[in-house]
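This report concerns only the one structure given below.
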Amino acid sequence: MKRGKGMRFVGDSRVTADKTSTVPKDYSEYPGRTEAFWPNYLLKEWLIGSVFLIGFLCATIAAPAPLQGVADPTDAAYIPLPDWYFLFLYELLKYDFASGPYILFGILVLPGLTFGALLLAPFLDNGPGRRPPKRPIAVGMMILALVSVFWLTYESAAPVDWKQIAADNQPIHPDEVAEIDVDHPGYAVYENSCLGCHGDSLEGGASGPSLIGIEFGPEEVAQIAVDGIGDMPPEMFTGTDEELEQLVDFIMSVNEEEE
């Protein structure tokens, strides 16, 4: 069979008759200097990204993020905070118009409108100009978003003593955890009265210091358990005198083992 024999041409209205031009569009009417995407423009993007990445890595080495201890579900006094890049949303929920009965507006409507506006900014302001004065809508939305994020982040992070939080919640090495005698009669008393603030191994928590290596005697420990000390309110222990003796004996026994 010869080439083309038996072939038929069928018209299709879905196919346009116009031919696509192979000549690239002339961008000379757009202001600013034009250049080839590969390799000129892409090389500049890579260089800028590399500089930012190296600077970011140097910042993390110079000021590493403080780590906290393993999450303790029994610590009801611990106040969790989001990562720094979500602090502006965390601060937003503190205002009256975005909390309480308006919580859905704060967590769904307002962030949705904000990020939706940023996504639509290039389509709302699609003029040929590349300078900021030529694109007022896109530039205005971006400046407003940056100012809002920076201000809300600052307002959320400024009152928080991050170094103190990290110091109070340092991860504990397994070798530093005290061996707890759960069969001791005072452990059940400790578990009911003290574990929520001082941890299941007396290592301390966000709302209570470590009870390992304390310099108090048995009488002082008993008085603190009843009367409190510092940030510890009084009457945290409400058991009997016998249970108080068992609690003190348990705490002192753990400290004697550590010595």
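The values are calculated or read from the model by the stated rules, or taken from the named source; none is laboratory data. Keep in mind that this is a model prediction, so the values were computed, not measured. Note that each Cβ is placed from the backbone with ideal geometry, even for glycine, and that neighbours are counted across all protein chains shown.
Listed values, structure above:
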| item | result |
| --- | --- |
| Qualifying positions in the range 181-230 - in a loop (DSSP other than H, G, I, E, B) and in contact with a Pro (Cβ under 9 Å, 6 or more places away or on another chain) | Gly228, Gly230 |
| Val177 being touching an Asp or Glu at 6+ places or on another chain (Cβ under 7 Å), more than 14 Å from Phe88 (Cβ to Cβ) and at pLDDT below 85 | yes |
| Sole residue being modelled with pLDDT of 80 or more and either outside the structural domain of Leu87 (by TED's automatic domain parsing) or in a helix (DSSP H, G or I) (or both), chosen from Gln246, Gln164 | Gln246 |
| Residues satisfying the stated conditions in the range 100-138, i.e. surrounded by 13 or more Cβ atoms within 10 Å (Cβ to Cβ), free of Cβ contacts under 8 Å to residues at least 12 places away in the same chain and closer than 20 Å to Phe86 by Cα | Tyr102, Phe105 |
